[in-house]
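K.L.:
Take a look at the following structure, please.
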Amino acid sequence: MNVSDLSAPPRGQGVLIPLLLALLVFVGLPALLAGFDRGYFYQIANLALIFVLLSASMHLVTGVAGLLHLGHAAFYGVGAYTAALLSTKFGLGFTATLPLSGLVAALIAFLVALPTMRLVSIYFAVATLAIGQMLYLVMLNWVELTKGPNGIIVTKGLELFGFSLSGRLATYYTVAAVVTLCVLAIGRLSHSYYGNALRSIREDDQCADAMGVSTARLKMEAFTLSAFFAGVAGSLWAHMTGYISPGDFKFSESILILAMVVVGGLGSLPGAVIGALLLILLPEGLRAFGDFRNIMVGLVMFLSILLLPKGLLGEVSALQLARRQLGAAWRNTVKGEGIGWR
Amino acid sequence: MIDPYYLQQLAIGLSLGMTYALMAIGFTLIFGVLNVVNFAHGEVYTLGAFAGLVLISATAPPVFAVIFAALAIGALAGFSLERVAFKPFRRFTDEASLKSRAMRESTLLSSLAVSIVVREALEIVFGSQMRSVPFEYLINTPVRVGPVILVTGDFIIFGVAAAMLAGLQYLLTRTRIGLSIRAVSNNPLGAKYVGIDTDRTIIMTFVVGSMMGAAAGILTGLYYGAIFPAMGFVPGIKAFVAMVMGGLSSIPGAVICALILGISESMATTFVSSGWSDMVAYGFLILTLIFFPNGLFGARRERV
Amino acid sequence: MTHLLDIRNVSRRFGGVLAVNDVTGHVDEGELVGLIGPNGAGKTTLFNLISGFTPLSSGTVSFDGKTISGLKTNQVARLGISRTFQNLRVFPNMSVFDNVSVGAVGALPQGALGALFGSFAGGGARSAEISRRTWEALEAVGLTHVAGELAANLPYGQRKYLEIARALAMQPRFLILDEPAAGLNDTETRALADFIKRLHGTGLTIMLVEHDMTLVMSICQRILVLASGRKIADGPPDAIRRDPAVLEAYLGVDA
């Protein structure tokens with residue numbers, strides 16, 4: 001990329017791709033889904049969207065801040081269990097559980113992060129694995145609260161301030177809207193100076209420290225924020241499927257999410273989204289040949305590490321793309337006044 | 001007088017701890033030469049168990065033949081694992097890239113991916129359910145020692161593990177290959193300059209480490225009588241915990257911590273239901289990482 | 001009068017080795033000071049003690065009247081001490097602009113909420129200030145034309161300036177350059193010397209840690225000399241050049 005790429009691109013180009021994507025998610029896909037009108041397709045679409053959010057939230061901590069997170073699914077689970085328990089025990093609806101699930105997941109992440117955030121690299125990865133497994137054991141064994149392996153049936157469907165959104169199409173739209181908003185927020189976080197500070201930790205944490213970046217605090221924030229978004233995804237999942245059990249949040253799910261981020265390209269948000277779609281839709285498409293979902297996750301992950309070390313859409317190319325598309329936010333005039341992220 | 005119940009739990013804990021120790025040594029050896037964590041080590045354990053099971057179902061060999069089959073498959077698994085998941089990422093052989101962060105993280109991910117593929121392949125071939133070991137191979141014939149009732153398995157595990165530890169000690173201190181493993185652990189570049197074949201040494205490390213892991217797998221399988229594709233995951237984590245507690249590159253440290261872990265777990269089942277007993281290992285891990293960043297046995301620790 | 005940087009009886013022990021042994025010294029506002037010494041003299045350790053990388057064994061370091069020994073590295077940095085690294089530590093997978101912006105965002109932290117709601121909650125002004133500082137620093141070192149380039153793709157010499165730009169983007173009051181001339185040829189070293197002089201001309205206080213005397217002798221106003229962890233001389237270049245203790249430390253001659 002040279003400076004001519006940096007200078008402000010034509011506005012029209014900047015909105016084209018987001019507009020097309022929005023049309024696809026909010027008009028094209030729903031039309032297709034309504035056309036086929038099969039519950040299974042709605043399920044897949046919603047599942048894919050939820051994993052897009054999970055993958056995007058892991059992108060924040062693993063891709064941007066460079067912290068290998070091996071327990072992400074547990075925070076997804078914390079969100080789902082929060083939503084399920086609030087709704088079955090206190091009769092709260094989706095409108096209330098959505099933010100609360102995120103907050104509870106974030107709070108737990110914050111608490112476990114307090115002592116572990118100064119760990120680096122593999123120790124951090126292993127600590128997150130242990131934390132994830134501990135939370136999983138709680139879901140599995142604290143039978144009085146979580147009903148253990150039997151899981152919880154969530155009777156309340158999606159609603160917004162009392163308006164039921166439990167029809168197939170309405171459910172899809174709700175999931176799509178929440179996921180889109182969250183992904184936009186994550187995009188904004190990672191494409192900002194805040195995001196640059198997180199990236200500097202990934203690149204060289206000691207050096208970032210010497211530049212005045214409070215690395216321990218930022219790591220904690222990235223970890224907590226990503227847990228917040230995972231919790232939101234959990235709440236969507238609980239209300240959407242109506243039944244959750246610990247098996248949905250075990251280690252292999254954490255690895256699935258990690259694989260999405262790795263396959264898409266560490267550090268690249270579009271990559272994380274593509275990775276999620278790929279790893280959800282591909283095994284579903286091949287379901288006719290047997291249940292090879294997990295083995296495919298492993299194979300795709302291995303091949304992408306081996307053959308595409310930068311992922312399908314590596315960070316550098318993704319950043320160029322983002323800058324072209326977000327022309328309004330990334331601008332640079334002749335004198336350099338106002339260059340950078342707004 | 002101690003309640004015989006506790007002595008019995010102690011014996012069970014020691015057996016458990018010994019299997020963790022065998023696995024932990026594999027982690028420690030590999031970490032020593034490459035500074036990487038081998039996430040597929042748990043699958044080597046599973047493969048060892050399945051190798052034994054297949055042999056048992058095919059013919060009806062004596063127990064020691066089953067163990068040898070597991071060792072052979074372990075060696076083969078270690079070799080292939082190194083070639084598939086580690087070698088391709090070792091593009092340069094200077095020390096900086098041998099122990100670089102990029103190499104550590106990509107091999108962590110690649111071994112993780114390989115472990116998924118192996119586990120799922122086993123599920124496709126053998127099904128995800130537990131397969132039980134034929135009754136006559138179970139090593140749980142009760143043996144009465146004073147007030148305590150042990151099973152033959154406790155003795156077999158202890159015997160096999162002790163023999164393997166002695167063998168490892170001999171290998172590391174008395175043979176050329178052991179010498180080169182220790183040399184590469186200490187200083188890969190120096191070892192290369194004095195003419196040690198680093199690549200071969202790394203393969204040998206994987207082979208030796210994986211043989212111990214596979215032995216742990218078949219012993220546990222025969223002890224509990226249940227063999228299934230996901231069986232390696234939890235022991236793998238526990239062995240890893242033992243390695244971290246032991247200070248990463250110390251074999252005696254790893255063995256002692258594995259025994260501590262095994263005993264604490266079997267004691268814990270006295271007070272909490274067995275579902276929670278895994279918490280002990282995770283708790284130990286977090287506490288060690290936070291309070292003893294150099295491990296309980298204070299070996300040197302690099303920024304990894 | 002208080003010094004900008006005041007080092008008092010500072011020591012650092014590594015096991016049985018006293019890497020820095022009871023060093024006292026100071027840097028005044030607006031000075032360009034050199035810190036030299038033969039290999040292993042403790043220059044880098046002293047420097048790490050100042051910037052909070054390594055904790056002190058004893059003594060105090062104060063900056064602008066405030067004690068900074070015991071603070072974390074990033075706190076020291078936010079007080080206005082910025083540094084470059086001897087072994088080039090740019091962020092390779094980030095663009096030149098983003099690299100430099102880390103310095104600016106380090107000095108002017110932007111929170112997650114600021115990044116999210118920047119345009120609404122006044123965070124926009126901070127972002128604009130960060131990009132202004134970034135751009136100024138890039139202009140100061142003359143790297144604006146490669147602002148969008150990946151740092152890893154820059155040639156060695158430019159990466160040196162990139163590090164300096166990143167340190168400048170913090171708008172520090174005190175800049176420490178750790179062996180900036182290492183790996184540069186004579187022409188490049190001369191250009192660097194001119195550049196440092198120009199930086200100093202803008203009123204910035206600079207400390208130059210160097211192994212090689214030539215650069216330091218040619219531009220510094222005052223030079224501190226360390227040998228075996230002790231300060232053996234402190235004075236203007238001419239005096240240092242004639243100082244028998246320095247000659248002995250460097251050349252091993254009995255003067």
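The values are calculated or read from the model by the stated rules, or taken from the named source; none is laboratory data. Just so we're clear, the structure is a prediction, and the values are computed from it rather than from any experiment. Cβ placement follows ideal geometry from the backbone for every residue including glycine, while neighbour counts extend to all protein chains displayed.
K.L.:
For the range A:129-158, how many residues are aliphatic (A, V, I, L, M) and closer than 30 Å to residue B:39 by Cα?
P.N.:
Residues flagged as aliphatic (A, V, I, L, M) and closer than 30 Å to residue B:39 by Cα within the range A:129-158 amount to 9.
K.L.:
In addition: List every residue pair whose Cβ atoms lie under 8 Å apart, where the two residues are 6 or more positions apart in sequence or sit on different chains, the first residue falls within the range A:124-136 and is more than 9 Å from chain B (Cβ to nearest Cβ), and the second residue, located anywhere, is of a type in the set (D, E, K, R).
P.N.:
Matching pairs, first to second residue: A:136/A:250.
K.L.:
All but one of (1) crowded, with 19+ Cβ neighbours inside 10 Å; (2) more than 30 Å from residue C:14 (Cβ to Cβ); (3) facing chain A (nearest Cβ under 7 Å) hold for residue C:77; state the number of the condition that does not hold.
P.N.:
The single condition residue C:77 does not satisfy is (2).
K.L.:
Evaluate the following for residue C:60: is it outside any loop (DSSP other than H, G, I, E, B) and under 18 Å from residue C:11 (Cα atoms)?
P.N.:
yes
K.L.:
Within the range A:185-238, restricting attention to residues that are more than 10 Å from every other protein chain (Cβ to nearest Cβ) and surrounded by fewer than 24 Cβ atoms within 10 Å (Cβ to Cβ), which residue is nearest to the chain's Cα centre (by Cα)?
P.N.:
A:187
K.L.:
Condition first: outside any helix (DSSP H, G or I) and either within 23 Å of residue A:128 (Cα to Cα) or away from chain A (no Cβ under 14 Å) (or both). Now tell me which residues in the range B:213-265 satisfy that. Give the steps one after another, and end with the answer.
P.N.:
In the first step, residues of the range B:213-265 are kept if they are outside any helix (DSSP H, G or I); the result is B:225-232, B:247-250.
Scanning the range B:213-265 gives B:225, B:226, B:227, B:228, B:230, B:231, B:232, B:247, B:248, B:249, B:250.
K.L.:
Suppose the filter is in the same structural domain as residue C:26 (by TED's automatic domain parsing) and assigned to a loop (DSSP other than H, G, I, E, B); does residue C:54 pass it?
P.N.:
Spelling it out, residue C:54 is indeed in the same structural domain as residue C:26 (by TED's automatic domain parsing) and assigned to a loop (DSSP other than H, G, I, E, B).
K.L.:
Go through A:145, A:85, A:111 for me and flag whichever is in contact (Cβ under 8 Å) with a residue 24 or more places away in the chain and under 23 Å from the mean Cα position of the chain (by Cα).
P.N.:
A:85
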